[in-house]
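Have a look at the structure below, then the notes.
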Amino acid sequence: TYLYQLIGGKFKIPYIGYVQNNIEAEIESCYSKGFKKLFRKIQLNFSIAAFQKAKALVFVCKALEDKSIELGINPQNSIISYNPPVPDNPNLSFNSQAESWLKNSDLATFVCAARLEPQKDHETLLKAFASAKQNQPNIRLILLGDGSLRNKLEDLSLFLGLSNHVLFLGNVSNPRAYFALSRAVILVSHFEGLGIVLIEAVASGTTFIATDCPFGPREISEVLECGTLVQPQDTNDLASAIISHTENPKISIDRTEKLKIFSPDSCANRLTSLINSINKPKKNNASKNSF
């Protein structure tokens, strides 16, 4: 896309930009402090220029569109098209330890599905869970996903005395089966584009706890009218939310009607309409010859 800025004249063809995350935060996470600030600024300017020249933009939530306009990106045409939740195979087997927790009515088991990377802030989650465990010793946490921080987080879990309360499962092919049996799904990111795991949780009949980070969780909570939002990197706020969900029995939620806006058909129809609108042939204004 950056190289495309160098192409001009008759080679220009319309292109659509797809904005799936906070541009500033995404670039910020790629560079450390110091001299790399210059590279962050250069990349941000290139990104803004690329999106400004797009024929149309697709945003995965309204808040991302608002942020892009704030950055000076004012698209000729744009739509909001939420990413649809992906179904998985509920017939696949559970991890035996996880299954024993999820099906034990004396336990309150929470699930977090996220890459084990800095953006997802598992460190705050583990510290909050350790704090909540002092009040509610019957809680358990299943972590789905893998990443560069796995060893560090496993060591932190051990240090916090959570070895019998937290289970690192890595990547699984049926996360929604785990969601459906959990007390709530937890996502504590520093930033998100949408946070589709929250939609998948609700589609599985389970509510969620999420940080009120830029940008997706609040919008999902408002559209689906469910979920608990906490402040990012706030261990006490998150621990309180976990305790509150533990003290109350699990409630299965049904948002079938409201979830239709996130359906694959709904998203595909919006994208198809957008593509058709920018791909219309130019009208031929030349007068016809009379014979």
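The values are calculated or read from the model by the stated rules, or taken from the named source; none is laboratory data. In this text, all values refer to a predicted model and were calculated from it rather than measured experimentally. Please note: Cβ atoms are built from the backbone with ideal geometry, for glycine as well, and neighbour counts cover all protein chains shown. These accessible areas exclude ligands, DNA and RNA; they are computed on the full protein's heavy atoms, side chains included. Shrake-Rupley method; radii C 1.70, N 1.55, O 1.52, S 1.80 Å.
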Share (percent) of C-alpha pair distances in the range 30-111 greater than 16 Å works out to 71
Quick tally, 1.4 Å probe accessible area for ARG218, ARG140, sorted with the most first, runs ARG218, ARG140
Expressed as a whole-number percentage, the relative contact order of the chain with C-alpha contacts under 8 angstrom and at least six residues apart is 19
For the chain, the longest principal axis of the Cα atoms and the Cα long axis of helix 122-135 enclose an angle in degrees, to the nearest 10, of 30
Amide H proximity to THR109 below 5 Å, modelled H, separation 5+ or other chain, gives ARG140, ARG183
Label model pair LYS37, ASP212: point-to-point distance (7 angstrom along the Cα→beta-carbon line) in nm is 3.0
Counting only protein heavy atoms and leaving out ligands, DNA and RNA, the solvent-accessible surface of TYR15 at a 1.4 Å probe, in Å² to the nearest 10, equals 50
Counting only protein heavy atoms and leaving out ligands, DNA and RNA, the solvent-accessible surface of LYS41 at a 1.4 Å probe, in Å² to the nearest 10, equals 130
The chain: antiparallel bridges as % of DSSP beta bridges, rounded to 5, reads 5
A chain fully extended from ILE275 to SER100 at 0.36 nm per residue, minus the present Cα-Cα distance, gains in nm 58.1 nm
Here the range 54-65 yields Karplus 3J(HN,Hα) values (6.51, -1.76, 1.60; θ = phi - 60°; whole Hz; Gly and Pro given as x) of 5, 5, 7, 10, 10, 10, 7, 7, 5, 4, 5, 4
Among (i) 27, 25, 17; (ii) 42, 23, 15; (iii) 34, 24, 18, the entry matching semi-axes √(5λ) of the Cα gyration tensor in Å as calculated here is (ii)
Longest principal axis of the chain (C-alpha) makes with the long axis of helix 235-247 (C-alpha) an angle, in degrees to the nearest 10, of 70
Karplus ³J(HN,Hα) for the range 153-162 (6.51 cos²θ - 1.76 cosθ + 1.60, θ = phi - 60°; Hz, whole; x = Gly/Pro) runs 6, 5, 5, 5, 4, 5, 4, 7, x, 10
Carbon and sulfur atoms account, in whole percent of the 1.4 Å probe accessible area of the range 92-164, for 45
Pairs over 29 Å Cα to Cα, from LYS133/LYS258; LYS133/LYS260; LYS62/LYS120; LYS127/LYS258, come to LYS133/LYS258; LYS133/LYS260; LYS127/LYS258
Quick calc, the range 73-196, dipole around Cα centre from Cβ unit charges on Lys, Arg (+) and Asp, Glu (-), nearest 20 debye, gives 180
The range 148-291: relative contact order from alpha carbon pairs under 8 Å, six or more residues apart, as a whole percent, is 17
Here the relative contact order (percent) of the range 76-225, from C-alpha pairs under 8 Å and at least 6 apart, is 28
Checked the range 82-228 with the C-alpha gyration tensor, a ≥ b ≥ c its square-rooted eigenvalues, rounded below a/c of 1.5, otherwise prolate if a/b is larger than b/c and oblate if not; verdict rounded
Given a Förster distance of 41 Å, the FRET efficiency implied by the Cβ-Cβ spacing of SER266 and SER163, rounded to the nearest 0.05, works out to 0.40
Sorting HIS165, HIS122 on solvent-accessible surface, 1.4 Å probe, most exposed first, gives HIS165, HIS122
